[in-house]
Amino acid sequence: MTLRPFALLVCALMLSLPLTCAKAANAHGPRIEIRFSRQAHAAPITGRVYVAISRSDATPPIEQTQPTGVPLFGHNVTALQPGQDAVIDASDFGAPVTSLADLPAGDYWMQPFVNIYTRFKRADGHTVWMHMDHWEGQDWKHSPGNIYGTPAKVHFDPHSSTPIKLLADHIIPPVKIPPDTQYVKRFRIRSAILSKWWGHPIDLGATVLLPRGYASHPDVKYPIIYDQGHFSLHAPMGFDRPHSKFRKYWLADNTPRVIVVTLQHPSPYYDDSYAVNSANDGPYGDAIQKELIPAIESRFRVIGKPWARQLTGGSTGGWIAVALQVFHPRFYGGSFAECPDSLDFRYHQIVNIYKDKNAYYKQHGWVRVERPDTRKTDGNITSMMKDENHYELAVGDHSRSGGQWDIWEATFGPVGKDGYPQRIWNKRTGVIDHNVAAYWKQHYDLRHILSKRWPEIGTQLAGKLHIYVGDMDTYYLNMGVRMMDAFLKHTTHPKADATVVFQPMAPHCWGPRGSDLLQRMVDFMDRRAPKGADLKSWRY
(Lines give C-alpha, C1' and ligand atoms only; values in the text may rest on other atoms or scores of the structure.)
Protein backbone atom coordinates (compact mmCIF):
# COMPACT_ATOMS: atom_id res chain seq x y z
CA MET A 1 0.00 0.00 0.00
CA THR A 2 1.32 3.49 -0.92
CA LEU A 3 1.18 5.96 1.97
CA ARG A 4 -0.26 9.38 1.34
CA PRO A 5 2.16 12.32 1.98
CA PHE A 6 0.47 13.24 5.25
CA ALA A 7 0.70 9.66 6.54
CA LEU A 8 4.38 9.58 5.58
CA LEU A 9 4.95 12.74 7.61
CA VAL A 10 3.13 11.27 10.60
CA CYS A 11 5.28 8.14 10.49
CA ALA A 12 8.46 10.15 10.12
CA LEU A 13 7.59 12.07 13.27
CA MET A 14 6.60 8.96 15.22
CA LEU A 15 9.37 6.43 14.56
CA SER A 16 9.14 5.25 18.13
CA LEU A 17 5.53 4.16 17.54
CA PRO A 18 5.51 1.83 14.51
CA LEU A 19 2.14 0.43 15.52
CA THR A 20 0.62 3.89 15.36
CA CYS A 21 2.09 4.33 11.88
CA ALA A 22 0.54 1.09 10.72
CA LYS A 23 -2.84 2.28 11.97
CA ALA A 24 -2.42 5.62 10.24
CA ALA A 25 -1.90 3.80 6.97
CA ASN A 26 -5.17 1.89 7.46
CA ALA A 27 -7.27 4.73 8.86
CA HIS A 28 -9.66 4.62 5.91
CA GLY A 29 -10.41 0.87 6.05
CA PRO A 30 -12.76 -1.10 8.29
CA ARG A 31 -12.17 -0.58 12.01
CA ILE A 32 -13.43 -2.27 15.14
CA GLU A 33 -12.72 -0.36 18.36
CA ILE A 34 -12.72 -2.42 21.56
CA ARG A 35 -12.41 -1.11 25.08
CA PHE A 36 -12.76 -2.68 28.51
CA SER A 37 -14.55 -1.05 31.42
CA ARG A 38 -12.88 0.13 34.61
CA GLN A 39 -15.42 -1.91 36.57
CA ALA A 40 -14.13 -5.06 34.88
CA HIS A 41 -10.43 -4.24 35.28
CA ALA A 42 -9.11 -1.06 36.90
CA ALA A 43 -5.44 -1.41 35.88
CA PRO A 44 -3.79 -1.18 32.43
CA ILE A 45 -3.63 -4.40 30.45
CA THR A 46 -0.89 -5.90 28.33
CA GLY A 47 -2.24 -8.79 26.33
CA ARG A 48 -4.32 -9.49 23.26
CA VAL A 49 -7.72 -8.15 22.25
CA TYR A 50 -10.04 -10.14 19.98
CA VAL A 51 -13.24 -9.86 18.05
CA ALA A 52 -15.14 -13.00 17.05
CA ILE A 53 -17.65 -12.63 14.22
CA SER A 54 -20.57 -14.94 13.51
CA ARG A 55 -23.81 -15.00 11.54
CA SER A 56 -25.48 -16.73 14.50
CA ASP A 57 -25.76 -16.06 18.22
CA ALA A 58 -26.89 -19.58 19.09
CA THR A 59 -23.71 -19.70 21.17
CA PRO A 60 -21.38 -16.78 21.94
CA PRO A 61 -19.18 -16.06 18.89
CA ILE A 62 -16.00 -16.54 20.94
CA GLU A 63 -17.13 -20.11 21.63
CA GLN A 64 -17.61 -20.66 17.89
CA THR A 65 -13.97 -19.94 17.05
CA GLN A 66 -11.72 -22.87 16.10
CA PRO A 67 -9.59 -23.86 13.08
CA THR A 68 -12.73 -24.42 10.98
CA GLY A 69 -14.92 -22.03 12.94
CA VAL A 70 -16.08 -18.43 12.63
CA PRO A 71 -13.69 -15.52 11.90
CA LEU A 72 -11.44 -14.40 14.74
CA PHE A 73 -9.17 -11.35 14.66
CA GLY A 74 -6.61 -10.43 17.31
CA HIS A 75 -4.42 -7.45 18.17
CA ASN A 76 -1.67 -7.13 20.80
CA VAL A 77 -1.95 -4.29 23.31
CA THR A 78 0.57 -2.83 25.76
CA ALA A 79 -0.54 -0.99 28.92
CA LEU A 80 -4.02 -0.44 27.48
CA GLN A 81 -5.98 1.77 29.87
CA PRO A 82 -9.60 1.17 30.93
CA GLY A 83 -11.84 3.02 28.51
CA GLN A 84 -9.06 3.34 25.91
CA ASP A 85 -9.78 1.89 22.46
CA ALA A 86 -7.82 -0.99 21.00
CA VAL A 87 -8.25 -0.93 17.22
CA ILE A 88 -8.57 -4.04 15.07
CA ASP A 89 -8.37 -3.13 11.39
CA ALA A 90 -7.50 -4.65 8.03
CA SER A 91 -3.82 -4.98 8.99
CA ASP A 92 -4.55 -7.42 11.82
CA PHE A 93 -4.28 -11.12 11.03
CA GLY A 94 -7.37 -13.27 11.31
CA ALA A 95 -8.54 -16.81 10.66
CA PRO A 96 -10.18 -18.30 8.68
CA VAL A 97 -10.67 -14.86 7.07
CA THR A 98 -7.21 -13.28 6.89
CA SER A 99 -8.23 -9.61 6.98
CA LEU A 100 -11.30 -7.56 7.89
CA ALA A 101 -11.06 -6.19 4.35
CA ASP A 102 -11.95 -9.68 3.10
CA LEU A 103 -15.01 -10.10 5.31
CA PRO A 104 -18.15 -9.82 3.14
CA ALA A 105 -20.60 -7.04 3.89
CA GLY A 106 -23.52 -8.17 5.99
CA ASP A 107 -25.15 -8.39 9.39
CA TYR A 108 -23.09 -10.17 12.03
CA TRP A 109 -22.91 -10.89 15.72
CA MET A 110 -19.62 -9.53 17.05
CA GLN A 111 -18.15 -10.28 20.46
CA PRO A 112 -15.12 -8.58 22.05
CA PHE A 113 -12.67 -10.37 24.32
CA VAL A 114 -9.54 -9.38 26.26
CA ASN A 115 -6.84 -11.94 27.05
CA ILE A 116 -4.58 -10.64 29.84
CA TYR A 117 -0.84 -11.40 29.76
CA THR A 118 1.58 -11.58 32.68
CA ARG A 119 5.20 -10.42 32.69
CA PHE A 120 7.71 -13.22 33.34
CA LYS A 121 11.31 -12.29 34.05
CA ARG A 122 12.90 -15.68 33.52
CA ALA A 123 16.09 -17.07 35.00
CA ASP A 124 17.55 -17.48 31.49
CA GLY A 125 17.71 -13.68 31.18
CA HIS A 126 14.67 -13.24 28.93
CA THR A 127 11.55 -11.28 29.82
CA VAL A 128 8.39 -12.46 28.09
CA TRP A 129 4.68 -11.67 28.27
CA MET A 130 2.46 -14.74 28.41
CA HIS A 131 -0.99 -15.72 29.57
CA MET A 132 -0.73 -17.02 33.13
CA ASP A 133 -2.77 -20.13 33.79
CA HIS A 134 -5.32 -19.76 36.61
CA TRP A 135 -5.96 -23.47 37.05
CA GLU A 136 -8.32 -23.58 34.08
CA GLY A 137 -5.82 -25.46 31.92
CA GLN A 138 -4.38 -22.62 29.79
CA ASP A 139 -7.76 -22.00 28.16
CA TRP A 140 -7.91 -18.31 27.25
CA LYS A 141 -11.63 -18.42 26.46
CA HIS A 142 -12.46 -19.50 30.02
CA SER A 143 -9.52 -18.20 32.04
CA PRO A 144 -10.42 -16.42 35.29
CA GLY A 145 -9.80 -12.69 35.07
CA ASN A 146 -10.10 -12.46 31.30
CA ILE A 147 -12.79 -10.08 30.06
CA TYR A 148 -15.57 -10.57 27.51
CA GLY A 149 -18.41 -8.51 26.15
CA THR A 150 -22.01 -9.23 25.30
CA PRO A 151 -22.34 -10.11 21.59
CA ALA A 152 -23.71 -7.19 19.56
CA LYS A 153 -25.52 -7.43 16.23
CA VAL A 154 -23.99 -4.98 13.76
CA HIS A 155 -23.91 -4.25 10.06
CA PHE A 156 -20.43 -4.56 8.60
CA ASP A 157 -19.21 -2.97 5.38
CA PRO A 158 -15.54 -3.57 4.44
CA HIS A 159 -15.56 -0.29 2.49
CA SER A 160 -16.79 1.81 5.40
CA SER A 161 -14.34 3.61 7.71
CA THR A 162 -17.00 4.24 10.37
CA PRO A 163 -15.71 2.36 13.41
CA ILE A 164 -17.70 -0.38 15.10
CA LYS A 165 -17.47 0.09 18.87
CA LEU A 166 -17.59 -2.86 21.27
CA LEU A 167 -17.30 -3.05 25.06
CA ALA A 168 -15.80 -5.86 27.14
CA ASP A 169 -17.22 -5.58 30.63
CA HIS A 170 -17.72 -9.08 32.06
CA ILE A 171 -15.04 -10.91 34.07
CA ILE A 172 -14.62 -14.67 33.96
CA PRO A 173 -14.91 -15.90 37.58
CA PRO A 174 -12.40 -18.13 39.40
CA VAL A 175 -12.37 -21.89 38.79
CA LYS A 176 -14.40 -23.92 41.25
CA ILE A 177 -12.32 -26.82 42.51
CA PRO A 178 -14.44 -29.97 42.99
CA PRO A 179 -14.63 -31.05 46.63
CA ASP A 180 -12.68 -34.07 47.80
CA THR A 181 -14.55 -37.32 48.42
CA GLN A 182 -13.83 -40.63 50.08
CA TYR A 183 -12.05 -41.81 46.94
CA VAL A 184 -10.86 -38.65 45.14
CA LYS A 185 -8.31 -36.30 46.70
CA ARG A 186 -6.74 -33.18 45.18
CA PHE A 187 -3.79 -31.06 46.19
CA ARG A 188 -1.66 -28.29 44.77
CA ILE A 189 1.89 -27.25 45.59
CA ARG A 190 4.05 -24.25 44.80
CA SER A 191 7.02 -25.37 42.69
CA ALA A 192 10.24 -23.75 43.88
CA ILE A 193 12.08 -24.99 40.78
CA LEU A 194 9.61 -23.53 38.29
CA SER A 195 8.87 -20.36 40.25
CA LYS A 196 12.57 -19.53 40.29
CA TRP A 197 12.96 -20.20 36.57
CA TRP A 198 9.86 -18.27 35.46
CA GLY A 199 10.34 -15.45 37.98
CA HIS A 200 6.71 -15.89 38.97
CA PRO A 201 4.81 -18.32 41.24
CA ILE A 202 4.09 -21.58 39.40
CA ASP A 203 1.99 -24.39 40.86
CA LEU A 204 1.79 -28.12 40.23
CA GLY A 205 -1.04 -30.39 41.30
CA ALA A 206 -2.42 -33.91 41.42
CA THR A 207 -5.80 -35.61 41.47
CA VAL A 208 -5.59 -38.93 43.28
CA LEU A 209 -8.04 -41.84 42.97
CA LEU A 210 -7.86 -44.09 46.02
CA PRO A 211 -8.98 -47.72 46.03
CA ARG A 212 -11.94 -49.05 47.95
CA GLY A 213 -10.87 -49.88 51.47
CA TYR A 214 -7.93 -47.48 51.55
CA ALA A 215 -8.96 -45.97 54.89
CA SER A 216 -9.85 -49.32 56.47
CA HIS A 217 -6.53 -50.93 55.50
CA PRO A 218 -4.03 -48.48 57.05
CA ASP A 219 -1.06 -50.86 56.79
CA VAL A 220 -1.38 -51.62 53.08
CA LYS A 221 0.85 -49.98 50.50
CA TYR A 222 -0.31 -49.87 46.88
CA PRO A 223 1.03 -49.83 43.33
CA ILE A 224 0.58 -46.45 41.69
CA ILE A 225 -0.39 -45.63 38.11
CA TYR A 226 0.37 -42.20 36.67
CA ASP A 227 -2.29 -41.47 34.06
CA GLN A 228 -0.98 -38.68 31.81
CA GLY A 229 -3.12 -36.32 29.75
CA HIS A 230 -4.42 -32.82 29.21
CA PHE A 231 -5.20 -30.66 32.22
CA SER A 232 -8.27 -31.82 34.09
CA LEU A 233 -9.63 -31.65 37.61
CA HIS A 234 -11.86 -34.67 37.01
CA ALA A 235 -11.08 -37.95 38.73
CA PRO A 236 -8.73 -40.31 36.88
CA MET A 237 -10.13 -42.79 34.35
CA GLY A 238 -13.61 -41.24 34.32
CA PHE A 239 -14.42 -42.35 37.86
CA ASP A 240 -16.61 -39.28 38.53
CA ARG A 241 -18.47 -39.23 35.21
CA PRO A 242 -22.24 -39.87 35.26
CA HIS A 243 -23.11 -43.55 34.78
CA SER A 244 -19.42 -44.45 34.83
CA LYS A 245 -18.80 -48.13 34.09
CA PHE A 246 -15.30 -47.73 35.49
CA ARG A 247 -16.69 -46.52 38.82
CA LYS A 248 -18.68 -49.73 39.17
CA TYR A 249 -15.58 -51.76 38.31
CA TRP A 250 -13.38 -49.75 40.70
CA LEU A 251 -15.71 -50.41 43.63
CA ALA A 252 -16.38 -54.07 42.80
CA ASP A 253 -15.21 -56.93 44.99
CA ASN A 254 -12.58 -58.48 42.72
CA THR A 255 -10.91 -55.31 41.43
CA PRO A 256 -7.14 -55.04 42.11
CA ARG A 257 -6.55 -52.24 44.60
CA VAL A 258 -4.16 -49.64 43.19
CA ILE A 259 -3.85 -45.84 43.27
CA VAL A 260 -4.32 -43.87 40.04
CA VAL A 261 -3.10 -40.27 39.74
CA THR A 262 -3.44 -37.56 37.13
CA LEU A 263 -0.96 -34.68 37.22
CA GLN A 264 -1.73 -30.99 36.75
CA HIS A 265 1.20 -29.08 35.26
CA PRO A 266 -0.14 -26.32 33.01
CA SER A 267 2.49 -23.93 31.71
CA PRO A 268 2.31 -20.39 30.33
CA TYR A 269 2.29 -22.03 26.87
CA TYR A 270 -0.25 -24.85 27.19
CA ASP A 271 -2.54 -26.85 29.45
CA ASP A 272 0.25 -29.41 29.84
CA SER A 273 4.02 -28.99 29.94
CA TYR A 274 4.78 -32.36 28.32
CA ALA A 275 6.57 -33.21 31.59
CA VAL A 276 10.08 -32.61 30.23
CA ASN A 277 12.72 -29.93 30.67
CA SER A 278 12.47 -27.38 27.89
CA ALA A 279 14.46 -24.35 26.80
CA ASN A 280 11.25 -22.30 26.47
CA ASP A 281 8.94 -23.88 29.01
CA GLY A 282 11.49 -24.39 31.74
CA PRO A 283 12.44 -27.33 33.96
CA TYR A 284 9.03 -28.98 34.24
CA GLY A 285 10.65 -32.41 34.02
CA ASP A 286 12.79 -31.70 37.07
CA ALA A 287 9.90 -30.15 38.97
CA ILE A 288 7.63 -33.13 38.36
CA GLN A 289 10.27 -35.72 39.25
CA LYS A 290 11.82 -33.87 42.19
CA GLU A 291 8.82 -32.06 43.68
CA LEU A 292 5.44 -33.37 42.52
CA ILE A 293 6.05 -37.14 42.43
CA PRO A 294 7.73 -37.12 45.87
CA ALA A 295 4.83 -35.05 47.25
CA ILE A 296 2.33 -37.62 45.95
CA GLU A 297 4.26 -40.63 47.17
CA SER A 298 4.82 -39.15 50.62
CA ARG A 299 1.16 -38.18 51.13
CA PHE A 300 -0.31 -41.51 50.07
CA ARG A 301 0.69 -45.07 50.90
CA VAL A 302 2.48 -46.38 47.84
CA ILE A 303 4.95 -49.23 47.41
CA GLY A 304 7.38 -46.78 45.87
CA LYS A 305 9.33 -49.28 43.77
CA PRO A 306 9.75 -49.12 39.97
CA TRP A 307 7.84 -52.35 39.31
CA ALA A 308 4.84 -50.84 41.14
CA ARG A 309 5.09 -47.45 39.44
CA GLN A 310 3.43 -47.49 36.00
CA LEU A 311 2.68 -44.92 33.27
CA THR A 312 -0.25 -44.55 30.91
CA GLY A 313 -1.96 -41.83 28.89
CA GLY A 314 -3.35 -40.95 25.50
CA SER A 315 -2.41 -38.42 22.80
CA THR A 316 -0.35 -35.76 24.61
CA GLY A 317 -0.42 -38.10 27.59
CA GLY A 318 0.65 -40.97 25.34
CA TRP A 319 3.78 -39.07 24.32
CA ILE A 320 4.48 -38.24 27.96
CA ALA A 321 4.02 -41.89 28.97
CA VAL A 322 6.67 -42.91 26.43
CA ALA A 323 8.98 -39.95 27.13
CA LEU A 324 9.03 -40.41 30.91
CA GLN A 325 9.83 -44.08 30.48
CA VAL A 326 12.64 -43.27 28.05
CA PHE A 327 14.12 -40.39 30.06
CA HIS A 328 13.68 -42.17 33.45
CA PRO A 329 14.05 -45.84 32.54
CA ARG A 330 14.92 -47.01 36.07
CA PHE A 331 12.30 -44.98 37.92
CA TYR A 332 9.19 -46.25 36.09
CA GLY A 333 8.38 -49.91 35.65
CA GLY A 334 6.31 -49.82 32.48
CA SER A 335 4.49 -47.60 30.00
CA PHE A 336 1.12 -48.21 28.37
CA ALA A 337 0.77 -45.37 25.84
CA GLU A 338 -2.22 -44.78 23.59
CA CYS A 339 -2.24 -42.73 20.37
CA PRO A 340 0.95 -40.85 21.33
CA ASP A 341 1.94 -37.59 19.69
CA SER A 342 4.70 -37.91 17.12
CA LEU A 343 7.34 -40.37 18.32
CA ASP A 344 9.45 -39.76 15.21
CA PHE A 345 9.63 -36.32 13.61
CA ARG A 346 9.94 -37.78 10.15
CA TYR A 347 6.20 -37.96 10.74
CA HIS A 348 5.28 -34.90 12.78
CA GLN A 349 1.72 -35.88 12.08
CA ILE A 350 2.53 -36.26 8.35
CA VAL A 351 5.22 -33.60 8.01
CA ASN A 352 8.85 -34.72 7.69
CA ILE A 353 10.46 -31.75 9.40
CA TYR A 354 13.90 -32.90 8.27
CA LYS A 355 13.27 -33.21 4.53
CA ASP A 356 10.03 -31.43 3.63
CA LYS A 357 10.35 -27.81 2.54
CA ASN A 358 6.87 -26.77 3.56
CA ALA A 359 4.51 -28.00 6.27
CA TYR A 360 1.33 -26.84 4.53
CA TYR A 361 1.89 -27.95 0.95
CA LYS A 362 3.56 -30.63 -1.17
CA GLN A 363 4.70 -29.57 -4.61
CA HIS A 364 4.17 -32.13 -7.36
CA GLY A 365 5.43 -30.59 -10.57
CA TRP A 366 2.86 -28.03 -11.64
CA VAL A 367 0.50 -28.88 -8.85
CA ARG A 368 0.70 -27.72 -5.24
CA VAL A 369 -1.23 -30.09 -2.96
CA GLU A 370 -2.42 -28.87 0.42
CA ARG A 371 -1.50 -31.09 3.38
CA PRO A 372 -4.34 -32.30 5.64
CA ASP A 373 -4.38 -31.97 9.41
CA THR A 374 -7.31 -34.15 10.52
CA ARG A 375 -9.45 -36.84 8.90
CA LYS A 376 -12.28 -39.25 9.49
CA THR A 377 -11.73 -42.99 9.44
CA ASP A 378 -13.23 -43.19 5.93
CA GLY A 379 -10.47 -40.89 4.68
CA ASN A 380 -12.50 -37.70 4.40
CA ILE A 381 -10.48 -34.63 5.42
CA THR A 382 -11.91 -32.40 8.14
CA SER A 383 -9.24 -29.67 8.30
CA MET A 384 -5.94 -28.66 6.74
CA MET A 385 -2.54 -27.95 8.30
CA LYS A 386 -2.58 -24.27 7.41
CA ASP A 387 -6.05 -23.80 8.94
CA GLU A 388 -5.12 -24.91 12.44
CA ASN A 389 -1.80 -23.04 12.33
CA HIS A 390 -3.44 -19.85 11.04
CA TYR A 391 -6.07 -20.08 13.76
CA GLU A 392 -3.32 -20.34 16.38
CA LEU A 393 -1.61 -17.31 14.86
CA ALA A 394 -4.85 -15.32 15.13
CA VAL A 395 -5.13 -16.34 18.80
CA GLY A 396 -1.54 -15.35 19.61
CA ASP A 397 1.83 -14.63 18.04
CA HIS A 398 5.16 -15.84 19.50
CA SER A 399 3.66 -19.33 20.09
CA ARG A 400 1.24 -17.81 22.63
CA SER A 401 -2.01 -19.33 21.36
CA GLY A 402 -2.17 -22.11 23.91
CA GLY A 403 -2.64 -24.40 20.90
CA GLN A 404 -1.18 -27.74 19.92
CA TRP A 405 1.34 -26.68 17.28
CA ASP A 406 2.56 -23.83 19.44
CA ILE A 407 3.24 -26.00 22.48
CA TRP A 408 5.26 -28.37 20.31
CA GLU A 409 7.38 -25.38 19.29
CA ALA A 410 7.72 -24.26 22.90
CA THR A 411 8.57 -27.74 24.18
CA PHE A 412 10.77 -29.10 21.42
CA GLY A 413 12.45 -25.96 20.05
CA PRO A 414 15.25 -23.57 21.01
CA VAL A 415 14.76 -20.08 22.42
CA GLY A 416 14.81 -17.22 19.93
CA LYS A 417 16.70 -13.97 20.44
CA ASP A 418 13.49 -12.32 21.64
CA GLY A 419 12.98 -14.94 24.34
CA TYR A 420 10.11 -16.70 22.56
CA PRO A 421 10.34 -20.07 20.78
CA GLN A 422 12.07 -20.26 17.42
CA ARG A 423 9.51 -21.27 14.83
CA ILE A 424 9.82 -24.73 13.31
CA TRP A 425 8.15 -23.17 10.29
CA ASN A 426 6.85 -19.80 9.18
CA LYS A 427 3.37 -19.70 10.71
CA ARG A 428 1.85 -17.93 7.70
CA THR A 429 3.58 -19.70 4.83
CA GLY A 430 4.56 -23.09 6.26
CA VAL A 431 8.22 -22.87 5.15
CA ILE A 432 10.27 -25.14 7.45
CA ASP A 433 13.41 -24.02 9.28
CA HIS A 434 15.68 -27.08 9.13
CA ASN A 435 18.11 -25.66 11.69
CA VAL A 436 15.32 -25.69 14.24
CA ALA A 437 14.34 -29.17 13.07
CA ALA A 438 17.87 -30.38 13.82
CA TYR A 439 17.47 -29.13 17.42
CA TRP A 440 14.17 -30.99 17.74
CA LYS A 441 15.83 -34.18 16.54
CA GLN A 442 18.64 -34.18 19.07
CA HIS A 443 16.47 -33.31 22.07
CA TYR A 444 12.96 -34.73 21.64
CA ASP A 445 12.72 -37.15 18.70
CA LEU A 446 12.10 -40.19 20.89
CA ARG A 447 12.80 -42.76 18.18
CA HIS A 448 16.09 -41.01 17.35
CA ILE A 449 17.03 -40.75 21.03
CA LEU A 450 16.36 -44.45 21.56
CA SER A 451 18.43 -45.36 18.51
CA LYS A 452 21.39 -43.39 19.92
CA ARG A 453 21.04 -44.51 23.53
CA TRP A 454 19.87 -48.10 23.15
CA PRO A 455 23.24 -49.65 24.10
CA GLU A 456 23.13 -47.53 27.25
CA ILE A 457 19.49 -47.84 28.36
CA GLY A 458 18.11 -50.79 26.40
CA THR A 459 18.42 -53.24 29.29
CA GLN A 460 16.41 -50.86 31.47
CA LEU A 461 13.63 -50.56 28.88
CA ALA A 462 13.31 -54.10 27.58
CA GLY A 463 9.72 -55.28 27.89
CA LYS A 464 8.45 -52.01 29.34
CA LEU A 465 7.06 -50.23 26.26
CA HIS A 466 3.45 -50.85 25.22
CA ILE A 467 1.98 -48.61 22.50
CA TYR A 468 -1.53 -48.69 21.03
CA VAL A 469 -2.82 -46.67 18.08
CA GLY A 470 -5.60 -46.70 15.52
CA ASP A 471 -4.34 -47.20 11.98
CA MET A 472 -6.65 -44.38 10.83
CA ASP A 473 -5.68 -42.04 13.64
CA THR A 474 -7.51 -38.73 13.23
CA TYR A 475 -4.23 -36.79 13.39
CA TYR A 476 -2.08 -39.29 11.44
CA LEU A 477 -0.18 -40.21 14.59
CA ASN A 478 -0.06 -43.85 13.54
CA MET A 479 2.83 -43.09 11.18
CA GLY A 480 5.17 -41.93 13.95
CA VAL A 481 4.25 -45.09 15.86
CA ARG A 482 5.14 -47.17 12.79
CA MET A 483 8.59 -45.58 12.70
CA MET A 484 9.06 -46.40 16.38
CA ASP A 485 7.77 -49.93 15.86
CA ALA A 486 10.24 -50.52 13.02
CA PHE A 487 13.11 -49.49 15.27
CA LEU A 488 11.97 -51.54 18.26
CA LYS A 489 11.57 -54.69 16.15
CA HIS A 490 15.19 -54.54 15.03
CA THR A 491 16.81 -53.87 18.40
CA THR A 492 19.43 -56.25 19.70
CA HIS A 493 21.46 -56.57 22.90
CA PRO A 494 18.84 -56.54 24.26
CA LYS A 495 15.74 -56.96 22.18
CA ALA A 496 13.12 -54.36 23.03
CA ASP A 497 10.41 -56.96 23.60
CA ALA A 498 7.94 -54.11 23.11
CA THR A 499 4.22 -54.40 22.45
CA VAL A 500 2.97 -52.20 19.60
CA VAL A 501 -0.62 -52.68 18.45
CA PHE A 502 -2.28 -51.11 15.38
CA GLN A 503 -6.07 -51.32 15.24
CA PRO A 504 -7.41 -51.28 11.64
CA MET A 505 -9.78 -48.39 10.85
CA ALA A 506 -9.66 -47.03 14.41
CA PRO A 507 -9.46 -43.24 14.99
CA HIS A 508 -7.80 -41.13 17.66
CA CYS A 509 -7.54 -42.21 20.48
CA TRP A 510 -7.90 -45.98 20.27
CA GLY A 511 -6.49 -48.26 22.95
CA PRO A 512 -7.41 -50.26 26.03
CA ARG A 513 -9.55 -48.36 28.52
CA GLY A 514 -10.86 -48.61 32.04
CA SER A 515 -10.96 -52.11 33.48
CA ASP A 516 -9.24 -53.59 30.42
CA LEU A 517 -6.28 -51.23 30.74
CA LEU A 518 -6.03 -51.57 34.51
CA GLN A 519 -6.05 -55.36 34.34
CA ARG A 520 -3.31 -55.37 31.70
CA MET A 521 -1.14 -53.14 33.86
CA VAL A 522 -1.71 -55.21 36.99
CA ASP A 523 -0.93 -58.45 35.12
CA PHE A 524 2.24 -56.80 33.82
CA MET A 525 3.27 -55.79 37.35
CA ASP A 526 2.70 -59.36 38.53
CA ARG A 527 5.05 -60.67 35.85
CA ARG A 528 7.72 -58.04 36.41
CA ALA A 529 7.74 -57.84 40.19
CA PRO A 530 11.03 -58.95 41.77
CA LYS A 531 11.18 -62.01 43.98
CA GLY A 532 9.72 -61.32 47.38
CA ALA A 533 7.64 -58.32 46.25
CA ASP A 534 4.28 -57.82 47.94
CA LEU A 535 1.64 -58.94 45.43
CA LYS A 536 -1.03 -59.94 47.96
CA SER A 537 -1.76 -57.32 50.62
CA TRP A 538 -3.35 -54.89 48.11
CA ARG A 539 -5.62 -57.62 46.73
CA TYR A 540 -8.44 -57.66 49.24
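Before we move on, is Lys196 in contact (Cβ under 8 Å) with a residue 60 or more places away in the chain and farther than 26 Å from Tyr249 by Cβ?
Yes.
Condition check ((1) touching a helix residue (DSSP H, G or I) at 6+ places or on another chain (Cβ under 7 Å); (2) over 23 Å from Ile407 (Cα atoms); (3) of a type outside the set (Val, Ile, Thr); (4) in contact (Cβ under 8 Å) with a residue 40 or more places away in the chain) across all residues:
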{"position": "Gln310", "(1), (2), (3), (4)": "yes, yes, yes, yes"}
{"position": "Asp356", "(1), (2), (3), (4)": "no, no, yes, yes"}
{"position": "Tyr361", "(1), (2), (3), (4)": "no, no, yes, yes"}
{"position": "Arg368", "(1), (2), (3), (4)": "no, yes, yes, no"}
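Being part of a loop (DSSP other than H, G, I, E, B) and among the hydroxyl-bearing types (Ser, Thr, Tyr) is the requirement here; does Ser383 meet it? Write out each step before concluding.
Working: part of a loop (DSSP other than H, G, I, E, B): no; among the hydroxyl-bearing types (Ser, Thr, Tyr): yes.
The answer is no for Ser383.
Can you confirm whether the range 445-454 contains a residue that is touching a strand residue (DSSP E or B) at 6+ places or on another chain (Cβ under 7 Å) and over 20 Å from Gly333 (Cα atoms)?
Initial filter on the range 445-454 (touching a strand residue (DSSP E or B) at 6+ places or on another chain (Cβ under 7 Å)): none.
The answer is no, given that none of the residues of the range 445-454 is touching a strand residue (DSSP E or B) at 6+ places or on another chain (Cβ under 7 Å) and over 20 Å from Gly333 (Cα atoms).
Residues are listed down the side, and each one gets a yes or a no for (1) more than 25 Å from Lys376 (Cβ to Cβ); (2) crowded, with 17+ Cβ neighbours inside 10 Å; (3) at pLDDT below 95:
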{"position": "Leu477", "(1), (2), (3)": "no, yes, no"}
{"position": "Thr491", "(1), (2), (3)": "yes, yes, no"}
{"position": "Ala496", "(1), (2), (3)": "yes, yes, no"}
{"position": "Pro504", "(1), (2), (3)": "no, no, no"}
{"position": "Phe524", "(1), (2), (3)": "yes, yes, no"}
{"position": "Asp534", "(1), (2), (3)": "yes, no, no"}
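Looking only at the range 87-107, which residues are part of a strand (DSSP E or B), of a type in the set (Gly, Ala, Ser) and touching a helix residue (DSSP H, G or I) at 6+ places or on another chain (Cβ under 9 Å)?
Gly94, Ala95, listed by residue number.
Checking His448 against (1) surrounded by 15 or more Cβ atoms within 10 Å (Cβ to Cβ); (2) over 30 Å from Tyr420 (Cβ atoms); (3) in contact (Cβ under 8 Å) with a residue 60 or more places away in the chain; (4) not β-branched (Val, Ile, Thr), which single condition isn't satisfied?
Unmet condition: (2).
What is the one condition in (1) touching a Phe, Trp or Tyr at 6+ places or on another chain (Cβ under 7 Å); (2) outside any strand (DSSP E or B) that Gln460 does not satisfy?
If we test Gln460 against (1) touching a Phe, Trp or Tyr at 6+ places or on another chain (Cβ under 7 Å); (2) outside any strand (DSSP E or B), just (1) comes out false.
For a quick check of your reading of the model, give me the residue pairs whose first member lies in the range 207-223 and is assigned by TED's automatic domain parsing to the domain that holds Asp253, whose second is exposed (fewer than 12 other Cβ atoms within 10 Å of the Cβ) and modelled with pLDDT of 95 or more, with beta-carbon atoms closer than 8 Å and at least 6 apart or on different chains.
Going by the 8 Å Cβ cut-off, the qualifying pairs are Leu210/Gln182; Ala215/Gln182.
Give the residue, chosen from Val276, Val261, that is within 25 Å of the chain's Cα centre (by Cα) and within 19 Å of Asp180 (Cα to Cα).
When all the criteria are applied, what remains is Val261.
Scan the range 160-204 for residues that are outside any strand (DSSP E or B), more than 22 Å from the chain's Cα centre (by Cα) and among the aliphatic types (A, V, I, L, M) and report the count.
Total meeting the criteria: 1.
It is to be established whether one or more residues within the range 404-423 are modelled with pLDDT of 95 or more, small (Gly, Ala, Ser), assigned by TED's automatic domain parsing to the domain that holds Gly317 and over 26 Å from Ala506 (Cβ atoms).
There is no residue in the range 404-423 that is modelled with pLDDT of 95 or more, small (Gly, Ala, Ser), assigned by TED's automatic domain parsing to the domain that holds Gly317 and over 26 Å from Ala506 (Cβ atoms).
Do we have any residue at all in the range 52-70 that's modelled with pLDDT under 50 and either exposed (fewer than 13 other Cβ atoms within 10 Å of the Cβ) or in contact with a helix residue (DSSP H, G or I) (Cβ under 9 Å, 6 or more places away or on another chain) (or both)?
No.
The values are calculated or read from the model by the stated rules, or taken from the named source; none is laboratory data. Just so we're clear, the structure is a prediction, and the values are computed from it rather than from any experiment. FYI the Cβ positions are ideal-geometry reconstructions off the backbone, even for glycines, and counts take in every protein chain you see.
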